[in-house]
Amino acid sequence: MRRRSVVPALLLSLGVAAVPAAPHAAAAAAAAAPLPLTQVVPVPASVRAGGGAFTLAEDAAIHVPAGSPGAAAVGRYLAGILRPSTGYGLPLTTNARREGIVLALTEPGAGNTGAEGYRLQSTPRAVVISAATTAGLFHGVQTLRQLLPASVERELYGLGPWTVAGGTIADRPRYAYRGAMLDVARHFHTVQQVERYIDQLALYKINRLHLHLTDDQGWRIAIASRPRLTAYGGSTQVGGGTGGYYTTAEYQQIVRYAASRYMTVVPEIDMPGHTNAALASYGELNCNGVPRALYTGTAVGFSSLCVPKPATTQFVDDVIREVAAMTPGPYLHIGGDEARVTGRADYVAFVDRVQQIVRRYGKTVIGWHQITGADPAPGAIAQYWGTKGDEEPVAVAAQAGTRLIMSPANHAYLDMKYDEETPIGQKWAGYTEVQKAYDWNPATVVRGVPASAVLGVEAPLWSETVTDSSEIEYLAFPRLPAIAEVGWSPAATHSWASFRQRLAAQAPRWTALGINYYRSPQVPWPWTG
Ligand code: IFG
């Protein structure tokens, strides 16, 4: 669970009050009214304000249902956030009294909250978060966090009051697939850096973490039957650094951590293009049998597995078998993008063959939308990353049953620069300020795609120019919350005027969490003094 400083609690237990974060801030907080229930990102499906506010009492408890380890884990997660900043003990209890903070599981289907939704009712006696699933409870907790003062996110405890406005929220997502992709191949990002990003994504109810594990510059996942992929293919990165990779144990640590934040990991093995690291590691994968040199530049489209060779099929089988075995989630992403030096017939043959292998190992195929140029297998998912919305094969495949994840590069690519001054990132899909990341509709972004074919959205962050958490955060905040709202909130609530105000109110929370965000001129950020 969340790692937080235990110092305040220790001091409290010794009867010594830790130094409050900032007395004037406490006075301001005491004077300030509780945040309006609508001031949440993503904006909830329905909000009914009214009735008295709830104020967390020092002796409050977090009530969880008996017999649900998942609900207790969500309770502990919430306690891990509230204890350091309030200094309160906040014990978990199953005594079913409806007072303080209550996490309640309803009968499936009872509250019409679906697989991930929740109800949050705030009265002077209690804040009750009820859901049919523990995922719903977890998402309700994210909303509760945002209804408490931003200082609730701090490491050091403040003086409160910890008040939540009175009223009722009934909330559930528009789309089931709300993802973020992190490219750990161009620049390697450690388990700790990935876990930090997972915690930040959880704030906005993201539920899929797509890891781009392999590319020309590096192979980042250990494959026992192919040790050179990481021993050699994982030994460098863009710019020539030492690269790195995840052992199976480390990958499974990421999977577990993501699952504890109700996020499913989607591993991507990009093929047949973007494979220089593999081609350098095993000469047999090249048509001439000669291993390629390692590559540390940022060009794309120059590499391809040698499709006709049986050795290539064996390689793909080894890799997919092992990645599928270490991935509890239902998806396996096979890439398929920018295979510019793969012959057309070879590309179709390869994509058709690889899809069969993925299905044989019990996973659902995801591929970049170029796989619609082959024969998408039944149940396959295409991830759209175009910018024009006029790609005919995508519409044809969608009409024939292929489902889509929308990642239009001119709205959802977090590695695009904000403007010409942005120090990192790329610009091939156009400068992307916050409003451009927000103002699009997944249901209509590609012409001819039935709205029912759209599974959801994903925000890719490619790492050619991104080396650490600070740079991840600079590009992801504030645009990731924009895409999270596009994926979660009803289309009817979509409003840049409303969103930019609610986004501005997130800034003190990001500051409290140490998130290095870009202060976009499009957002009325609060005066920070
Ligand atoms: N396109 C490539 C990525 C990355 C990206 C950077 C896709 C599917 C440009 N493929 O996006 O590997 O280089 O913006």
Out of 463, 378, 75 - ranked by how far each Cα lies towards the positive end of the dipole of the chain, with unit charges on the beta-carbon of charged residues - the top one is 75
So for region 179-219, using the alpha carbon gyration tensor with a ≥ b ≥ c as root eigenvalues (a/c under 1.5 gives rounded; past that, a/b versus b/c decides prolate or oblate), I'd call it oblate
Counting only protein heavy atoms and leaving out ligands, DNA and RNA, the solvent-accessible surface of residue 431 at a 1.4 Å probe, in Å² to the nearest 10, equals 80 Å²
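Could you work out how much longer the chain between residue 497 and residue 110 gets when fully extended? Use 0.36 nm per residue separation minus the Cα distance between them, nm to one decimal. Mind showing how you got there, number by number?
Working: separation 387, 0.36 × 387 = 139.32 nm, distance 3.43 nm.
Contour length minus Cα-Cα distance gives 135.9 nm.
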Any helix of the chain counts here only if DSSP assigns it H throughout, its Cα atoms span 15 Å or more along the axis, and its mean Kyte-Doolittle hydropathy is at least 0.0, and such helices are 69-86, 134-147, 310-325
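Rounded, prolate or oblate, given the Cα gyration tensor of region 302-341, with a/c below 1.5 counting as rounded?
Details: a/c = 3.84, a/b = 1.50, b/c = 2.56.
Oblate is the answer for region 302-341, as a/c is 1.5 or above yet b/c matches or exceeds a/b.
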Per the rule of 0.36 nm per residue minus the C-alpha distance, extending residue 504 to residue 396 adds in nm 34.8 nm
Rounded to whole angstrom, the alpha-carbon centroid of region 28-90 lies from that of region 258-330 at a distance of 44 Å
Rounded to the nearest 10 Å², the 1.4 Å probe accessible area of residue 396 is 80 Å²
The lysines whose Cα lies under 22 Å from the Cα of residue 388, excluding any fewer than 8 residues away in the same chain, are 417, 427, 436
Over its alpha-carbon atoms, region 76-228 yields an Rg and a Dmax in Å of 19.1, 61
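Over region 411-461, what percent of the accessible surface lies on carbon and sulfur atoms, probe 1.4 Å? Please report the intermediate quantities before stating the final value.
Values: 1010 of 1910 Å².
Here it works out to 53 percent.
Could you work out the helix-only [θ] at 222 nm for the chain, with each DSSP H run of four or more residues adding -39,500 (n - 2.57) and the total divided by the number of residues, to the nearest 500 deg cm²/dmol? Numbers along the way, then the final one.
Working: 17 runs with 167 residues, N = 529.
Value at 222 nm, helices only: -9000 deg cm²/dmol.
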Placing each pseudo-label 7 Å from Cα in the direction of the beta carbon, residue 528 and residue 353 end up separated by a distance in nanometres of 5.4 nm
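Determine the gain in length on full extension of the stretch residue 302-residue 344; use 0.36 nm per residue of separation and subtract their C-alpha separation, reporting nm with one decimal.
Gain in length upon complete extension: 13.6 nm.
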Sorted by chain and then number, the residues having a modelled amide H within less than 5 Å of the amide H of residue 62, at least 5 places away or on another chain, are 92, 93
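All other residues with a Cβ under 10 Å from the Cβ of residue 369 taken together, and with Lys, Arg as +1 and Asp, Glu as -1, what is their net charge?
Working: positive: none; negative: 337, 391.
Summing Lys/Arg as +1 and Asp/Glu as -1 gives -2.
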Here the Cα Rg-to-2.2 N^0.38 Å ratio for region 393-529 is 1.11
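The values are calculated or read from the model by the stated rules, or taken from the named source; none is laboratory data. If you're wondering where the values come from, they're calculated on a predicted model, not measured in any experiment. Cβ sites come from the backbone with ideal geometry, for glycine too, and all protein chains shown count toward neighbours. What goes into the accessible areas is simple: the full protein's heavy atoms, side chains included, and nothing from ligands, DNA or RNA. Shrake-Rupley method; radii C 1.70, N 1.55, O 1.52, S 1.80 Å.
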